[in-house]
Amino acid sequence: MLTIQNLHVRIGEKEILRGIDLTVKAGEIHAIMGPNGSGKSTLSQVIAGREDLVVSQGSLVFEQENLLELSVEERARRGIFVAFQYPVAVPGLNNLQFMREAVNAQRRFRGEKELSSSDFLKKAQKVMHDLGIPQEFSKRSLNDGFSGGEKKKNEILQMYLLEPKLIILDEIDSGLDIDALQMVARSVNSFHNEKRAFLLVTHYQRLLHYIEPNYVHVLVDGKIVESGGKELAEKLEKHGYDIYKNQLSS
Amino acid sequence: MAMISTKTNSLLELAQFWSQRLSPDFSLRDHEKYLYTPLDAISFGISPKEPWHRALGDVVFHNGYLAQGDVLGMEDAPAFLQEKYLSLRQKEDDFLCRYNLAYSPAFYYLPLRQNNSKITIADSERRHAVATSLLCYIPPGAEHYLEIHNMAQETRLSHCHIVVFLASGSKLQLLLIHELDEPSQSIVHLHFILSVESQAVVYDLQLSGKLSRTSIEADLEGERSFFSLNGLLLGRGEEHRDSTSLLIHRSSYSESKTLCLSLLNNKASSAITGNIVVEPRIREAKAHQLLRSLLLSDDAKAFCRPQLEIGSHEVNCSHGSSIGELDQEALYYLQSRGVSKEEARQLLLKAATAHLLQDLAPIFLPTTQERLNYYLKEVAYG
Ligand SMILES: Nc1ncnc2c1ncn2[C@@H]1O[C@H](COP(=O)(O)OP(=O)(O)OP(=O)(O)O)[C@@H](O)[C@H]1O
Ligand SMILES: [Mg+2]
């Protein structure tokens, strides 16, 4: 589904990603862990298509298409969804109205009929009910005044409504209380199927108790320094990242 | 501002022409009638019965009509109106406004049958200039919704002067729309005189046309009077938008709110000036003012000048202004959900207007909603 080869990414003059190789197949769940500032969000955002990230080397291919030639919205329309580490608030833009615009923009792209207000509302209300998201989310402005945890739940709501294929969750677990973490984990698990793939960026093994990854990758200083199964997360929890840092500096 | 002053000459000629032709032949004996009939308003200006009207412009009154013979000469006007006139004349230093008040010797009585009325200023005959003067009187305790839709077409300059007297305890929501075709220009001057506990809420939507300008003067004369201005100025191409307000707190416990936002693309420009004056010895006046411009292109230009002149200590005033760009992070976030850059811009522009229009009366929604979406899209796509 997604093939990343020797990817180098700069912001301005600074090289943030320094040769990433990663292959994600449909149905798989990958976890990416790594210290602060190692480039996890940069990796998520370069897949989403953030414009100020400069790809200086390497390739990014999604379902046989070169992502580097596609704009942000074109990538989204092909089924890539990134839940932001810091979702943006837009006062004055109604949460659900925006979601309807987005869903319909994607439907237009796929040649499907647009959803009417009432059909969309019915669908959204059902999803919110299933996810245990309060109905008042539909009246509020996009992420405006949302608590950290509410923003994360709202990203999950968007994921459900947009029905993407490749889902990247950048620290979806940060700021969540125990109940919310379980709710998010449950919804990820029930959304997951053999056609969809997940990339979970997280700092904590806790999330991986609830969502079982097929692979865990350790990202340090813009490079994947180790990959393994879920036992790798346990090792990290015990020993931290010091061993990798020492390796890199020597 | 050179554009406005060069047009002034032709307006002067127009005013002279108008004043020569107009004669106050009629008089209305029972002034009292309009002063005490609830939901009545007086309008002052152009009679559709007169042939010279055709040279001046088409004014369409909806939900009201000009009653036979209900024309007042200045001499016959109630004393309080005459006084207001005189004081207005002395205060005006804007030439464009002065001529209308000084030269127009008659005004008309316009009974309004409902609590809402609409005036469309349209020019169907491709004229040089259109001039309109209106005087509205909102009787004590009345509540009124007035919509003024300036839709000049192929007109070099449409000029409209409206004076509104709000009697004690009356309430007015006024929606002013400038919606002109590409080459047209329009200037609307609004003057409000607010009595005790009266409230005027103005929405100024400048949507299209080469040049539009709204200049507002509000005299908060009565205690606890309230005035609010919500201006939305949309520009693209080489259009210019202009909003000037002068709000004078002349009484204690008066309150004003000014919120003005321009959204500009291409080479459009806007000038927003807000002046708030609080006279000495006024107690507990409140005034809040926020002027903002959002530029969608490097060539768009905005000018914002908030000004406070406070002669009293017991006031609660705040003002601010900002000129900025669309939030790039928000734009990117919206796009990452599958909407195009232009759609995302349109959504952000709409979001920026939400606060400004949140209290717009439902009666105005049919006129505004689709129009706004249309013009916001025009600005977003540039
Ligand atoms: N706009 C920017 N300009 C300069 N440096 C940047 C910019 N954005 C990110 N960086 C730098 O890139 C590096 C990687 O950042 P990134 O956000 O990808 O880290 P991360 O692994 O997600 O960290 P965290 O765990 O704290 O979320 C950091 O050193 C950061 O300071
Ligand atoms: Mg991060």
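Read the figures in this text as sums done on the coordinates, not as results from a lab. It should be emphasised that the depicted structure is a prediction, and the values quoted were computed from it without experimental measurement. Counting neighbours? That spans all protein chains shown, and the Cβs are built from the backbone with ideal geometry, glycine included.
Of A:Ser227, A:Leu161, A:Leu181, whose Cα points farthest to the positive end of the dipole of the range A:126-250 (charges on the beta-carbon: +1 Lys, Arg; -1 Asp, Glu; origin at the Cα centre)? Of the listed residues, the answer is A:Leu161.
Stokes-Einstein diffusion for the range B:282-375, with the hydrodynamic radius set to the Kirkwood value over Cα pairs and evaluated at 4 °C in a medium of 1.567 mPa s, equals 79 µm²/s.
For chain A, the relative contact order comes to 28 percent (Cα pairs under 8 Å, sequence separation of at least 6). To the nearest ten degrees, helix A:117-131 and the longest principal axis of the Cα atoms of chain A are 50 degrees apart.
Note on chain A: the alpha carbon radius of gyration divided by the globular reference 2.2 N^0.38 Å gives 1.01. Averaging the sequence gap over all C-alpha pairs within less than 8 Å and six or more residues apart, then dividing by the number of residues, gives the range B:264-327 a relative contact order of 44 percent. Once Lys and Arg get +1 and Asp and Glu get -1 on their Cβ, which of B:Ser312, B:Val277, B:Leu291 lies farthest toward the positive end of the dipole of the range B:268-326? Toward the positive end, the furthest listed residue is B:Ser312. Ranked by how many other Cβ atoms sit within 10 Å of their own Cβ, fewest first, the residues A:Thr202, B:Thr244 fall in the order B:Thr244, A:Thr202.
Each listed q (0.15 Å⁻¹) maps to a log10 I(q)/I(0) for the range A:135-219, found by the Debye formula over equal Cα scatterers with no solvent: -0.56. When the inverse distances between all different Cα atoms of the range A:88-145 are averaged and flipped, the Kirkwood radius reads 12.0 angstrom.
Could you list the GluC sites (Glu not before Pro) in the range B:246-354 that lie in coil according to DSSP, counting only those with at most 15 other Cβ atoms within 10 Å of their Cβ? Here the sparse-neighbourhood loop sites are B:Glu284, B:Glu314. Taking Cα centre as origin and charging only the Cβ of basic (Lys, Arg, +1) and acidic (Asp, Glu, -1) residues, the dipole magnitude of the range B:224-286 rounds to 220 debye. Computed from Cα atoms, the angle from the helix A:178-191 axis to the main principal axis of chain A rounds to 80 degrees.
Provide the FRET efficiency to the nearest 0.05 for the A:Ser71-B:Arg281 pair, computing r from the beta carbons and using R0 = 45 Å. Result of the calculation: an efficiency of 0.15. Go through the range A:102-145 and name the GluC sites (Glu not before Pro) that are in a DSSP coil and have 11 or fewer other Cβ atoms within 10 Å of their Cβ. Here the GluC sites (Glu not before Pro) that fit, given the DSSP loop and packing criteria, are A:Glu112.
The distance from the alpha carbon centre of the range B:195-264 to that of the range B:332-382 is 21 Å, rounded to a whole number. Taking other Cβ atoms within 10 Å as a rough exposure proxy, A:Phe198, B:Phe192 sort from fewest to most as A:Phe198, B:Phe192.
For the range B:190-257, the direction-averaged projected area of the alpha-carbon convex hull comes to 4.0 nm².
Charge dipole (Cα centre; +1 on Lys/Arg Cβ, -1 on Asp/Glu Cβ; no other charges) of chain A amounts to roughly 480 debye. Placing a pseudo-label 7 Å from each Cα along the Cα-to-Cβ vector at A:Lys14 and A:Tyr204 gives an inter-label distance of 2.7 nm.
Taking other C-beta atoms within 10 Å as the exposure proxy, A:Ser118, B:Ser215, A:Ser227 rank A:Ser118, A:Ser227, B:Ser215 from fewest upward. For the range B:199-337, the mean projected area of the C-alpha convex hull, equal to one quarter of the hull surface, is 9.0 nm².
Evaluated with a Cβ-only charge set (Lys, Arg +1; Asp, Glu -1), the range A:88-145 carries a dipole of roughly 200 debye about its Cα centre, given to the nearest 20. Taking 24 Å as the limit for the C-alpha separation, the pairs A:Lys126/A:Lys151; A:Lys165/A:Lys238; A:Lys151/B:Lys350 exceed it in the case of A:Lys165/A:Lys238. Determine, from the Cβ-Cβ distance of B:Leu308 and B:Glu329 and an R0 of 51 Å, the FRET efficiency 1/(1 + (r/R0)^6), rounded to the nearest 0.05. Approximately 0.95, to the nearest 0.05.
Exactly which trypsin sites (Lys or Arg not before Pro) in the range A:79-145 are in a DSSP loop and have at most 16 other Cβ atoms within 10 Å? Those satisfying the criteria are A:Arg110, A:Lys113, A:Lys139. Thinking of the range A:55-176 as a set of Cα atoms, what percent of all their pairs are more than 23 Å apart? Of all Cα-Cα distances in the range A:55-176, 34 percent exceed 23 Å. Note down the Stokes-Einstein diffusion coefficient of the range B:153-270 in µm²/s, whole number, using a Kirkwood radius over alpha carbon pairs, 20 °C, and 1.002 mPa s. Translational diffusion coefficient: 147 µm²/s.
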